[in-house]
Amino acid sequence: MTLLAEQTTTAATDALEAAEVAVLPTGSTEQHGPALPLGMDHMAARAFARTAADREDAVVLPTVPVGVSVHHRQFDGTLYVAEETFERYVRETLSSLAEHGVRKAVVVNGHGGNSAALNRVARTLRDQETAFAPPWNWWDGVGDLADDLFDENGGHADAMESSVLWHVREDLIQPDRLEEAESGASEGWGEAVHGANVGFDTIDFSGSGAVGKPTRADPEKGERLFEAASDELHALIDWLAERPLQDCWPADHV
């Protein structure tokens with residue numbers, strides 16, 4: 001398995017020479033209600049990223065476990081950094097990888113709060129012609145399947161997230177507390193007052209920290225979601241591996 005952190009420096013030479021694409025998992029360590037562990041987001045991202053570890057054209061980087069989670073700060077255990085800190089850390093990590101010749105990457109993201117920073121990272125690295133590193137959120141490619149499997153608006157520690165983690169880390173989910181999570185959950189993300197969103201923090205609209213209907217979680221549905229999203233990830237890696245680096249840079253002015 002080509003997990004960069006487990007290689008010696010001499011073994012890394014061969015792995016990096018063979019790699020066309022790096023896979024960087026990012027997530028968070030934040031509250032996910034009473035039934036899911038704090039590490040839900042980075043554990044899911046790591047699980048998806050490691051499906052690429054057997055590919056000869058990919059190298060999997062260590063997971064970034066703390067992200068942009070200030071909006072969960074009132075719940076115990078939540079860790080967070082500023083967007084600027086997270087953005088700089090990911091950008092400099094990918095820049096350092098580019099020095100070893102791997103200049104295409106997929107940032108496998110498990111936390112929606114990271115998205116704005118990751119989009120800025122991708123644009124900056126591309127504009128500088130340092131690396132081409134589009135972020136990939138595992139839930140984006142399986143929206144239709146999730147709609148078929150669950151009747152919820154969701155958004156956090158919901159049936160979809162709970163099902164995926166139930167498949168990935170069955171030992172860490174507490175099914176007997178899903179009802180407790182749902183009893184204090186909101187149906188959707190945020191709180192609107194006269195057209196304005198005043199739900200700046202999760203606790204403003206969710207007593208349990210969950211959003212959605214976690215009691216509808218199911219490990220078999222989680223497996224279906226995991227496999228479907230993994231297929232999307234590998235299709236993206238294939239596309240990146242085949243794409244000439246020159247075609248990844250910004251187009252010339254017309």
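A cut-off under 11 angstrom between Cβ atoms defines the neighbours of His71, and their net charge, with Lys, Arg +1 and Asp, Glu -1, is -2. Inter-part distance, segment 146-163 to segment 50-103, computed on C-alpha centroids, equals 25 Å. When you count the other C-beta atoms within 10 angstrom of each residue and take the mean per peptide, 8-18, 44-54, 198-208 line up highest first as 44-54, 198-208, 8-18.
Here Ala228 and Asn153 are evaluated by their C-beta separation; at R0 = 22 Å the FRET efficiency comes out at 0.65.
On the accessible surface of the chain, probed at 1.4 Å, how many percent belong to carbon and sulfur atoms? C and S fraction of accessible area: 46 percent. Amide H contacts of His156 (H built 1.01 Å from N, in plane; Pro and chain starts excluded): Val211 sit under 5 Å, all sequence-distant by 5 or more or on other chains. Evaluating 6.51 cos²θ - 1.76 cosθ + 1.60 at θ = phi - 60° for every residue in segment 98-105, the Karplus couplings come out as 4, 5, 8, x, 9, 10, 10, 8 Hz, glycine and proline recorded as x.
Think of it as helices only: each DSSP H run of n ≥ 4 in the chain is worth -39500 (n - 2.57), and spread over all residues that comes to -12000 deg cm²/dmol at 222 nm.
For Val59, the residues 5 or more places off, or on other chains, whose built amide H falls under 5 Å of its own are Val21, Ala22, Val23. Here Arg103 sits with roughly 80 square angstrom of accessible surface, probe radius 1.4 Å. Cα gyration tensor of segment 130-238, axes a ≥ b ≥ c as square roots of the eigenvalues: rounded (a/c below 1.5), prolate (a/b > b/c) or oblate? Oblate. Phi-derived couplings, Karplus 6.51 cos²θ - 1.76 cosθ + 1.60 at θ = phi - 60°, listed residue by residue for segment 128-134: 7, 6, 8, 7, 10, 9, x Hz, with x used for Gly and Pro.
Which length gain, in nm to one decimal place, applies between Glu191 and Gln246 when the Cα-Cα distance is subtracted from 0.36 nm times their residue separation?
Contour length minus the Cα-Cα distance gives 15.3 nm.
Taking amide H atoms as placed 1.01 Å from N in the peptide plane, the amide H of Val64 lies under 5 Å from those of Thr26, Gly27, each 5 or more residues away in sequence or on another chain.
Is segment 82-192 best put as rounded, prolate or oblate by its Cα gyration tensor, with a ≥ b ≥ c the root eigenvalues, rounded for a/c under 1.5, and otherwise prolate when a/b is larger than b/c, oblate when not? Here segment 82-192 falls in the prolate category.
Assuming R0 = 35 Å, can you tell me the calculated FRET efficiency for the pair Gln174 and Glu129, based on Cβ-Cβ distance, to the nearest 0.05? The value I calculate is 0.15. The angle separating the long axis of helix 159-168 from the principal Cα axis of greatest extent in the chain is about 60 degrees. Distance between the modelled labels on Glu6 and Leu79, one decimal in nanometres: 2.2 nm (7 Å Cα→Cβ projection). Could you tell me which of rounded, prolate or oblate describes the chain, using a ≥ b ≥ c as the square roots of the eigenvalues of the alpha-carbon gyration tensor, with rounded for a/c under 1.5 and, failing that, prolate when a/b is larger than b/c and oblate otherwise? Since a/c reaches 1.5 and a/b is larger than b/c, the shape of the chain is classed as prolate. What the phi angles of segment 232-239 give under the Karplus curve with 6.51, -1.76 and 1.60, with θ = phi - 60°, is a coupling list of 5, 4, 5, 5, 5, 4, 4, 4 Hz, glycine and proline written as x.
The values are calculated or read from the model by the stated rules, or taken from the named source; none is laboratory data. Owing to the predicted nature of the structure, the values given are computational and were not obtained by experimental measurement. Cβ: placed from backbone, ideal geometry, glycine included. Neighbour counts: every protein chain shown. Side chains are part of the model used for accessible areas, which takes the heavy atoms of the whole protein and leaves out ligands, DNA and RNA. Shrake-Rupley method; radii C 1.70, N 1.55, O 1.52, S 1.80 Å.
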